[in-house]
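Engineer: The structure's right below; bear with me while I get my questions together.
Each value in this text was obtained by applying a stated rule to the coordinates, not by laboratory testing. These numbers were taken from a predicted model, which means no experiment stands behind them. Cβ coordinates were reconstructed from backbone atoms using ideal geometry, including for glycine residues, and neighbour counts include every protein chain displayed.
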Amino acid sequence: MSLEKEILKRRTFGIISHPDAGKTTLTEKLLLFGGAIQEAGAVKNNKIKKGATSDFMEIERQRGISVATSVLAFIYKDKKINILDTPGHKDFAEDTFRTLTAVDSVIVVIDVAKGVEEQTEKLVEVCRMRKIPIIVFINKLDREGKDAFDLLDEVEQKLKLTVTPLSFPIGMGYDFKGIYNIWEKNINLFSGDSRKNIEDTIAISDLSSPELDTLIGSKPAEKLREEIELTSEVYPEFNREDYLKGDLQPVFFGSALNNFGVRELLDCFIEIAPSPRPKESDTRLVNPSEKTLSGFVFKIHANMDPKHRDRLAFIKIVSGTFERNKAYHHMRLKKNLKFSSPNAFFAEKKEIVDISYAGDIVGLHDTGNFKIGDTLTEGELMNFKGIPSFSPEHFRYINNADPLKSKQLEKGIDQLMDEGVAQLFTLDMNGRKIIGTVGALQYEVIQYRLEHEYGAKCTYENFPAYKACWVKPTDPKNEEFAEFRRIKQKFLATDKYGKMVFLADSEFSIQMTKQKYPTVHLYYTSEID
Ligand code: G4P
């Protein structure tokens, strides 16, 4: 098959949600449709159990399983679907943000009763900024929840989206009768029996037909007619171009647990969702159908087996094909590397493959060559942009608790930072190391892993910072920047890429600094180039 055809077959996407909205359940049902798994429960293991937030053993267990479930691929109606797993737990939000750089579209899951929740807002904001096409799935319609129109309003306002429903619920909770599929013009009746729901759609091309009254009863039929009329008046007609540009977001309703409305979602998804999209590099826009390989590392999993220092670097292929045993150019290290056992992912397994295509993810065994954000090419000198580092929310000094193991500690910290577990800052003033994280949970994970994987011990000490601001002066040689450096000396540090960071202790201090030194620009993310 031609390269072009292979690429057009691919749909690489992520499912995002606030924890508990039903992301795991939906992922699992999608895999069932693809015949990729035989039974429900297979993906569930990947989830951090509720109440286990302070239990790092649980995280270890989860980490072990999540290599296999990092990418879940299956074939459905001749399309190769790659689902990239995004951790729902807020302490791992940065991992999710990075994964979003490797998806071509997303599905957002929202709980019908809870509506738009905090984590969803944050994740959708990132998608919106990147113009990633979004489909919304409103889940748990078998339960009592908010009115469909109110929810659509909420999604528009809180997530700042322009929505158009492509399906509409008939009743809800106890009175949930089914879903009218606006996209396919048919009705799917809810029986509460997940096995039956897959087949049971009834074509209704004309909603005024008396058949509808027979199917769902006169009152609900009348209500549905009114509601569908209203949707056509209030919401724009679906237009794929607008969806692909990130300007219009179709909405589906259903119940993942009951496998209801999932097939409709998937069928529409494979038709409208984009195949791999072009990506901007620092020199040019790279098209997926170009013959030569390019790709970037968006995730690293390390030390799955503590006895072997094995790491798996996840590469999103942006263009061309990735072939086994062919030499590729590692941009940062300026050297060529060959990979004898690249892994591809299928369902919840990974296997060695000879060739992968743009849109796919390959897992490369690595002995320390890769960092998140690294670019591979066939020799062209370019780097993909856009792997962000966000300002951490927590900051602590890290101290060596076993002087005989300082080498191990250094190596451990270095590798964990490459993996993106947390961010390391070195204070300019005295060289002390500070670990910044998104959630307090990471400190436990780091301490545990340093000890178990590297034999090093550490302690922490609070560092009173509020945000890390990456610093970029208009003119590095001007007097204002020199003064900024002198006055803020105590708060200046260097990140692991050598960039200057101002560790501000309050919002007030950031505002004052901005006022006083207008030519010294401060950013909450390091994606400023
Ligand atoms: P997450 O990955 O987004 O965190 O959510 P997950 O799929 O784990 O779902 C969270 C809870 O919501 C689970 O219940 C799940 O069974 C339930 N759920 C998912 N979809 C639906 C739905 O359509 N209807 C209803 N009523 N519930 C749904 P749990 O009790 O927390 O877990 P479990 O004991 O079922 O594993």
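Engineer: With unit charges on the beta carbons (Lys and Arg positive, Asp and Glu negative) and the dipole taken about the Cα centre of the chain, which residue among Thr513, Thr162, Leu189 sits farthest to the positive side?
Structural biologist: Thr513
Engineer: Another question about this same structure. Between Ser506 and Glu444, what is the FRET efficiency for a Förster distance of 25 Å, r being their Cβ-Cβ separation, to the nearest 0.05?
Structural biologist: Values: r = 26 Å, r/R0 = 1.06.
After rounding to 0.05, the efficiency reads 0.40.
Engineer: I would also like to ask the following. Which order do the peptides 217-223, 332-338, 379-385, 310-316 take when ranked by the mean count of other beta-carbon atoms within 10 Å per residue, highest first? Each step should come with its number before you reach the end.
Structural biologist: Values: 217-223: 14.1, 332-338: 11.7, 379-385: 15.7, 310-316: 22.7.
So the peptides 217-223, 332-338, 379-385, 310-316, ranked by packing, come out 310-316, 379-385, 217-223, 332-338.
Engineer: Another question, then. Would you mind checking Lys80/Lys140; Lys299/Lys407; Lys299/Lys335; Lys334/Lys385; Lys146/Lys185 for any pair whose Cα atoms are more than 19 angstrom apart?
Structural biologist: On the way: Lys80/Lys140 27 Å; Lys299/Lys407 25 Å; Lys299/Lys335 21 Å; Lys334/Lys385 17 Å; Lys146/Lys185 24 Å.
Too far apart for the 19 Å limit: Lys80/Lys140; Lys299/Lys407; Lys299/Lys335; Lys146/Lys185.
Engineer: From the phi of every residue in the stretch 313-319, what ³J(HN,Hα) in whole Hz does the Karplus formula 6.51 cos²θ - 1.76 cosθ + 1.60 yield, where θ is phi - 60° and glycine or proline is x?
Structural biologist: 9, 9, 10, 8, 7, 8, 9
Engineer: Just to be sure I understand the model, the point goes 7 Å from the Cα along the line to the Cβ. What's the resulting Phe149 to Ser341 distance in nm?
Structural biologist: Distance between label points: 6.0 nm.
Engineer: Let me ask something else about it. With no solvent and one equal point scatterer placed on each C-alpha of the stretch 279-377, evaluate the Debye formula and give log10 I(q)/I(0) for q = 0.16, 0.18 Å⁻¹, two decimals.
Structural biologist: Each listed q maps to, in turn, -0.64, -0.81.
Engineer: Placing unit charges on C-beta atoms (Lys and Arg positive, Asp and Glu negative, everything else neutral), compute the dipole magnitude of the chain about its Cα centre in debye, rounded to 20.
Structural biologist: Values: 75 positive and 80 negative charges, 464 e Å.
In total the dipole reaches around 2220 debye.
Engineer: Which value in deg cm²/dmol, rounded to the nearest 500, describes the helix-derived mean residue ellipticity at 222 nm for the chain, given -39,500 (n - 2.57) per DSSP H run of n ≥ 4 and division by the residue count? Working shown, then result.
Structural biologist: Values: 14 runs with 148 residues, N = 529.
Rounded to the nearest 500, it is -8500 deg cm²/dmol.
Engineer: Mind giving me the FRET efficiency for Asp267 and Glu226? R0 is 25 Å, r the Cβ-Cβ distance, nearest 0.05 is fine.
Structural biologist: Numbers: r = 27 Å, r/R0 = 1.06.
With a Förster radius of 25 Å, E is 0.40.
Engineer: In whole percent, what relative contact order does the stretch 168-277 give with Cα contacts below 8 Å and a gap of six or more residues? It would help to have the intermediate numbers written out before the result.
Structural biologist: Numbers: 109 pairs, mean separation 25.8, N = 110.
Relative CO of the stretch 168-277 lands at 23 percent.
Engineer: Residue by residue, what Karplus-based ³J(HN,Hα) values in Hz, rounded to whole numbers, does the stretch 361-376 have, using 6.51, -1.76 and 1.60 with θ = phi - 60° and x for Gly and Pro?
Structural biologist: 10, 10, x, 10, 5, 9, 10, x, 7, 9, 10, 4, x, 5, 10, 10
Engineer: Reported to two decimal places, what Rg/Rh ratio describes the stretch 394-523 when computed on Cα atoms with Rh from the Kirkwood expression? Mind dumping the intermediate values first?
Structural biologist: On the way: Rg = 15.9 Å, Rh = 15.5 Å.
Radius of gyration relative to Kirkwood radius: 1.03.
Engineer: Would you kindly work out the equivalent ellipsoid of the chain from its C-alpha gyration tensor and give its semi-axes, the square roots of five times the eigenvalues, largest first in whole Å? Could the numbers behind the result be given before it?
Structural biologist: Details: eigenvalues 367, 142, 106 Å².
In descending order, the three semi-axes are 43, 27, 23 Å.
Engineer: Near Lys79, which aspartates and glutamates are there with a Cα under 13 Å away, not counting those fewer than 8 places off in the same chain?
Structural biologist: Correct list for Lys79: Glu6, Asp267, Glu271, Asp360.
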